[in-house]
Amino acid sequence: MSKIIQVKDRLSDLVIEWYRSHGREGLPWRKNITPYKIWISEIMLQQTQVKTVIPYYLRFIKTYPTFNSLILASEDQIIALWSGLGFYRRAKNIYNAKEQIKNSFNKKFPDNFDDLMSLPGIGESTAGAIMSIAYNKSYPILDANVKRVLGRYSNVTKESASKKNKVLWEISRKETPVNNVFDYTQGVMDLGSTICKPKDPLCAQCPIASICDSAFTIIADSSKKEKIKKDKSQVNINFTLAHTDNEYLLFKRNEKTFWEGLWLPSEQPKIHKIFKKKSCGEVHINRKHKLTHLDLNMSITLLRYNNSFDINSNSEYRWVKKIDINNVGMPAPIKKIILEI
DNA sequence: AATACGTGGTA
DNA sequence: TTACCAAGTAT
């Protein structure tokens, strides 16, 4: 007599099977995969939605299709391709990682976890994503999608944030299969994105509902509500934008705070006085712009000139032609203002 | 451990 | 309008 043993379905098996018939199609970084392209896509996708990333990814890969083609790129060129995407440190990290690969890894993009982790901008989740997606090696990831899927699956929503993270990493490690990691990793992210959504998850269509501790009983996560709301700090910036009919005078921002390395109108009052003497037209505008952690109150003085001119300045500056605007790294609100002139 | 770091979409 | 949040990492 043989006993029939009821084996509980494995999460990874269900996810892999579901992914093969229901995974998202048409994501550009899933075509003609190379480790380099997975790297670029994973960096762009950090804290950034797929829909937002797609045009930036396509433009970046069109400009630099291979790692080799990126070798000679300057930091400015890479930041320019990031213009408008946000979290610009990521672009600097790509430049610095590229330099490290060039100088320490013999120009060969790493194929192991430890070398990937040594690169700036690559943490455990991104390294895991590159290992599993580009190399089909069994490494776990823990992005927002996986956090949500596994958090509901194992019902660990009530833990404190740091403990929850630790627990979820353990679960992710445990559930990540040895084989077919590529399909599992993509699948669990697609599941989080299309079925196990933050709001109104579609449990009725979910392939893991039968083994999910929270299926059909998703309760809003209350752990965040008790946070004390601090007023966001207000930051005032006075810009002066000197411009002709078709050129703009921009300065590279060196502050170690926001928008580091991007090109902006002048923030130096001393220069503003000199500017005004020669100007043949002056307009003031005010704009508010919200960053994650602070509110920017921008005051911009537009000074019109007939011709561009040289200035005495310690900081790096350049006159940018209107048609070259897309080749310069600028924050979204600054580019918007310039395009309105 | 908590915070800095962008932007656009959604309710 | 305000508030939250999305393929996280570095400090």
- Item | Matching residues in segment A:253-299 - criterion: being surrounded by 12 or more Cβ atoms within 10 Å (Cβ to Cβ), among the polar types (S, T, N, Q) and not in a strand (DSSP E or B) | A:268, A:279
- Could you tell me which residue of segment A:59-94 is nearest to DNA strand B (Cβ to nearest atom), considering only residues that are part of a helix (DSSP H, G or I) and polar (S, T, N, Q)? A:93
- Task: Output yes when any residue across segment A:140-156 is in a loop (DSSP other than H, G, I, E, B) and within 24 Å of residue A:261 (Cβ to Cβ), and no when none is.
- Result: no
- Message: If residue A:167 meets every condition in (1) within 16 Å of DNA strand B (Cβ to nearest atom); (2) not in a helix (DSSP H, G or I) apart from one, which number is that one?
- Response: (2)
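Out of all the residues in segment A:87-104, which are over 16 Å from residue A:328 (Cβ atoms) and touching a residue at least 60 places away in the same chain (Cβ under 8 Å)? Spell out how you get there, then give the answer.
Taking segment A:87-104 first, the residues over 16 Å from residue A:328 (Cβ atoms) are A:87, A:89-90, A:93-94, A:96-104.
If the condition is that a residue be over 16 Å from residue A:328 (Cβ atoms) and touching a residue at least 60 places away in the same chain (Cβ under 8 Å), then A:89 is the only one that fits.
Yes or no, residue by residue, for (1) within 23 Å of residue A:41 (Cβ to Cβ); (2) buried (at least 21 other Cβ atoms within 10 Å of the Cβ):
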site: A:142; (1), (2): yes, no
site: A:147; (1), (2): yes, no
site: A:164; (1), (2): no, no
site: A:179; (1), (2): no, no
site: A:187; (1), (2): yes, yes
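We did not get these values from a lab; they are worked out from the coordinates using the rules stated. Quick caveat: nothing in here was measured; it's all calculated off a predicted structure. For neighbour counting, all protein chains shown are included, and Cβ atoms are generated from backbone atoms with ideal geometry for every residue, glycine included.
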